[in-house]
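The values are calculated or read from the model by the stated rules, or taken from the named source; none is laboratory data. Nothing here was measured: the structure is a model prediction, and the numbers come from that model. Note that each Cβ is placed from the backbone with ideal geometry, even for glycine, and that neighbours are counted across all protein chains shown.
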Amino acid sequence: MTAHDALPPLPTGAAPLAVPALDHFADLSVEVGTPQHVGAVPRGIRRLVPILGGTARGHGWRARVLPGGADFQLLLPDGLSELDARYTLETDAGDLVFVQNHALRCGPPDVMARLARGEPVDASLVYFRCAPRFETASPALAWLHRRLFLGTGARHPDRVEMRFFVVG
């Protein structure tokens with residue numbers, strides 16, 4: 001039995017539901033600082049990773065990642081990391097865009113331990129998926145409020161590389 005077998009059939013004459021498409025939105029390189037370890041909390045290890053800067057590039061636009069954001073992380077005992085990054089982009093046009101990016105990151109225990117220590121790891125060994133949301137006062141970018149976005153990422157010792165897609 002597949003997952004589709006468990007779905008009830010569509011009513012007779014109903015139009016088939018569209019399969020969402022993913023269209024490339026932007027590539028980001030976010031520079032990060034030394035993690036601040038809060039320590040053991042009830043669900044795992046809490047830490048905060050400062051966001052120092054970086055770049056974003058999309059089709060026909062560019063932005064810089066402003067310093068001052070942070071990635072609030074919860075490292076769970078089973079190796080799963082729950083990430084909540086918050087930072088601001090400034091486009092070349094001068095528009096500000098607030099980003100809140102929720103992510104899950106996991107992999108084999110030895111790989112996750114090396115990643116937590118800030119060591120380089122092969123990105124193909126780590127599941128890193130995210131769901132960014134955007135807020136802006138820019139009328140030209142107001143469409144960002146009306147779309148869902150998904151992404152993938154890779155953690156490096158000094159930065160996080162991400163690719164964001166708009167769900168069509």
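Per the conditions (1) of a type in the set (A, V, I, L, M); (2) under 24 Å from VAL166 (Cβ atoms); (3) touching a Pro at 6+ places or on another chain (Cβ under 9 Å); (4) surrounded by fewer than 16 Cβ atoms within 10 Å (Cβ to Cβ), the sole criterion not satisfied by ALA93 is (3).
When PRO20 is tested against (1) within 21 Å of the chain's Cα centre (by Cα); (2) over 25 Å from LEU141 (Cβ atoms); (3) in a loop (DSSP other than H, G, I, E, B), just one condition goes unmet, and that condition is (2). Strands (runs of 3 or more DSSP E) fully within segment 106-168 that include at least 2 residues being hydroxyl-bearing (Ser, Thr, Tyr): 127-136. Within segment 36-53, residues that are assigned to a strand (DSSP E or B) reach partners that are exposed (fewer than 13 other Cβ atoms within 10 Å of the Cβ) and small (Gly, Ala, Ser) with beta carbons closer than 9 Å, at six or more positions or on different chains, in the pairs ILE45/GLY39; ARG46/GLY39; ARG46/ALA40; ARG47/GLY39; PRO50/GLY68; ILE51/GLY68; LEU52/GLY68.
No other residue among ALA21, ALA26 is surrounded by fewer than 17 Cβ atoms within 10 Å (Cβ to Cβ) and small (Gly, Ala, Ser) apart from ALA21. Across segment 64-80, the qualifying residues are those that are at pLDDT 95 or above and assigned to a strand (DSSP E or B), and the one among them that is farthest from the chain's Cα centre (by Cα) is ARG64.
Can you find even one residue in segment 82-94 that is β-branched (Val, Ile, Thr), at pLDDT 95 or above and either touching a helix residue (DSSP H, G or I) at 6+ places or on another chain (Cβ under 9 Å) or part of a loop (DSSP other than H, G, I, E, B) (or both)? Yes, segment 82-94 contains at least one residue that is β-branched (Val, Ile, Thr), at pLDDT 95 or above and either touching a helix residue (DSSP H, G or I) at 6+ places or on another chain (Cβ under 9 Å) or part of a loop (DSSP other than H, G, I, E, B) (or both). When ARG146 is evaluated against the numbered criteria (1) surrounded by 14 or more Cβ atoms within 10 Å (Cβ to Cβ); (2) without any contact (Cβ under 8 Å) to a residue 24 or more places away in the chain; (3) charged (D, E, K, R), which criterion, by number, is the only one it fails? Unmet for ARG146, out of (1) surrounded by 14 or more Cβ atoms within 10 Å (Cβ to Cβ); (2) without any contact (Cβ under 8 Å) to a residue 24 or more places away in the chain; (3) charged (D, E, K, R): (1).
Here's the yes/no breakdown for (1) more than 18 Å from ARG62 (Cβ to Cβ); (2) surrounded by 14 or more Cβ atoms within 10 Å (Cβ to Cβ); (3) out of contact with any strand residue (DSSP E or B) (no Cβ under 6 Å at 6 or more places or on another chain):
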{"residue": "PHE98", "(1), (2), (3)": "no, yes, no"}
{"residue": "VAL111", "(1), (2), (3)": "yes, yes, yes"}
{"residue": "ARG114", "(1), (2), (3)": "yes, yes, yes"}
{"residue": "PRO132", "(1), (2), (3)": "no, yes, no"}
{"residue": "THR152", "(1), (2), (3)": "yes, yes, no"}
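Of the residues making up segment 111-118, not a single one is closer than 18 Å to ILE51 by Cβ and touching an Asp or Glu at 6+ places or on another chain (Cβ under 8 Å).
So, ARG57, is that one under 20 Å from LEU22 (Cβ atoms), surrounded by 14 or more Cβ atoms within 10 Å (Cβ to Cβ) and in contact (Cβ under 8 Å) with a residue 24 or more places away in the chain or not? No: the conditions fail for ARG57.
Within segment 67-76, the set of residues being crowded, with 16+ Cβ neighbours inside 10 Å and either without any contact (Cβ under 8 Å) to a residue 60 or more places away in the chain or in contact with a Phe, Trp or Tyr (Cβ under 8 Å, 6 or more places away or on another chain) (or both) comprises GLY69, ALA70, GLN73, LEU74, LEU75.
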